[in-house]
Amino acid sequence: MSGHLTDPVLAGVRHGFGTRDAPAPDVYVRPHQVHGAAVVEATACRNAAQPPDADGIVSALPGLAVAVVTADCVPVLLAAPVGTAVSAVHAGWRGLAAGVVKAAVEVLVRVSGAGPAELVAAIGPHIGPCCYEGEGPVLEALERCHGSAARAAARPARPGHALLDLGGLVRAALFDAGLPAAAVGGAAAVCTRCDPERFHSHRRDGARAGRLLHHVTASGPTSSQG
């Protein structure tokens with residue numbers, strides 16, 4: 001699709017990381033995001049009058065895209081072999097501190113029947129360590145969940161604050177959940193705050209910031225990337 005960013009690790013799986021001019025898929029479902037760790041299946045969103053509260057969604061329904069929106073948080077798209085089941089995840093610092101990445105991998109494994117080492121994942125555009133500063137309570141919450149990986153993702157800044165690599169922490173969480181390093185792509189992991197022409201950013205634009213929609217579709221082995 002025009003305007004979308006894609007990642008080679010998801011080749012053969014229809015997906016796209018959103019930019020300002022990227023069109024939404026014709027048919028998609030997404031949860032009501034609340035910066036937590038809940039992960040739902042697509043059927044719960046498709047059949048509900050109101051989307052359930054969750055920050056990850058998993059689907060094995062061919063042709064139905066699942067999606068999340070972001071405006072600096074980290075979008076993650078995952079797929080089982082040949083795209084038979086997929087997941088879209090919204091991972092801000094609160095979701096990371098709550099374990100949303102691990103939760104999404106666990107649900108995708110259950111739905112797909114694949115092992116974690118068989119999954120692939122791509123990290124999309126988000127605020128980079130060049131621009132994202134967190135204070136003490138944020139660092140402490142991330143460290144409680146991720147330990148040394150959280151410390152490695154933080155670079156000291158002014159007193160009581162650190163520049164945080166949220167994308168790096170997502171990558172570490174995926175490794176910890178059992179995905180191999182070669183299965184985690186970052187071709188679309190560019191900084192949203194640094195690129196106002198392509199991306200919305202809450203840190204840059206405040207309450208008037210728009211949202212970027214990121215999607216992935218479950219399909220059979222004959223599917224093509226889009």
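The values are calculated or read from the model by the stated rules, or taken from the named source; none is laboratory data. Bear in mind that the values here come from a model prediction, so they are computed numbers and not experimental data. Note that each Cβ is placed from the backbone with ideal geometry, even for glycine, and that neighbours are counted across all protein chains shown. To get the accessible areas, we keep the full protein, side chains included, count just its heavy atoms, and leave off ligands, DNA and RNA. Shrake-Rupley method; radii C 1.70, N 1.55, O 1.52, S 1.80 Å.
Quick notes
- Among residues of region 7-44, those that are assigned to a loop (DSSP other than H, G, I, E, B) and under 18 Å from Glu197 (Cα atoms), counted: 6
- Test: Ala42 is free of Cβ contacts under 8 Å to residues at least 12 places away in the same chain and over 19 Å from Ala183 (Cβ atoms): no
- Here Glu135 meets each of (1) more than 30 Å from Gly83 (Cα to Cα); (2) modelled with pLDDT of 95 or more; (3) in contact with a strand residue (DSSP E or B) (Cβ under 8 Å, 6 or more places away or on another chain) with one exception, condition (2).
- Among the candidates Ala182, Ala173, Ala187, the residue that is modelled with pLDDT of 95 or more and over 20 Å from Asp72 (Cα atoms) is uniquely Ala182.
Let's see how each residue does on (1) touching a residue at least 60 places away in the same chain (Cβ under 8 Å); (2) within 16 Å of the chain's Cα centre (by Cα):
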position	(1), (2)
Ala154	no, no
Leu163	no, no
Val170	yes, yes
Phe175	no, yes
Leu179	yes, yes
Gly185	yes, yes
Ala189	yes, yes
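- Checking each residue in region 160-216 for being surrounded by 19 or more Cβ atoms within 10 Å (Cβ to Cβ), assigned to a loop (DSSP other than H, G, I, E, B) and small (Gly, Ala, Ser) picks out Ala177, Ala188, Ala189, Ser201.
- Scan of region 144-159 for residues that are open to solvent by less than 90 Å² (accessible area, probe 1.4 Å) and either in a loop (DSSP other than H, G, I, E, B) or among the small types (Gly, Ala, Ser) (or both), ordered by number: Gly147, Ser148, Ala149, Ala150, Ala152, Ala153, Ala154, Ala157
- Whichever residue in region 120-143 is acidic (Asp, Glu) and assigned to a helix (DSSP H, G or I) and, among such residues, is surrounded by the most Cβ atoms within 10 Å (Cβ to Cβ): Glu143
- Residues of region 38-70 classified as under 15 Å from the mean Cα position of the chain (by Cα), surrounded by fewer than 22 Cβ atoms within 10 Å (Cβ to Cβ) and more than 22 Å from Arg14 (Cα to Cα), total: 1
- Yes/no for Gly92 being surrounded by fewer than 24 Cβ atoms within 10 Å (Cβ to Cβ) and on the phi > 0 side of the Ramachandran plot: no
- Filter pass, Val69 being over 12 Å from His214 (Cβ atoms) and β-branched (Val, Ile, Thr): no
- Contact map, region 107-132: first residue in contact (Cβ under 8 Å) with a residue 40 or more places away in the chain and under 15 Å from Val9 (Cβ atoms), second residue buried (at least 24 other Cβ atoms within 10 Å of the Cβ) and of a type in the set (Lys, Arg), Cβ cut-off under 9 Å, separation 6 or more or different chains; pairs are Ala121/Arg171; Ile123/Arg171.
- Breaking point among (1) β-branched (Val, Ile, Thr); (2) open to solvent by 40 Å² or more (accessible area, probe 1.4 Å); (3) at pLDDT 95 or above, for Val74: (2)
- Of everything listed in (1) over 16 Å from Val184 (Cα atoms); (2) open to solvent by 10 Å² or more (accessible area, probe 1.4 Å), the single unmet condition for Thr6 is (1).
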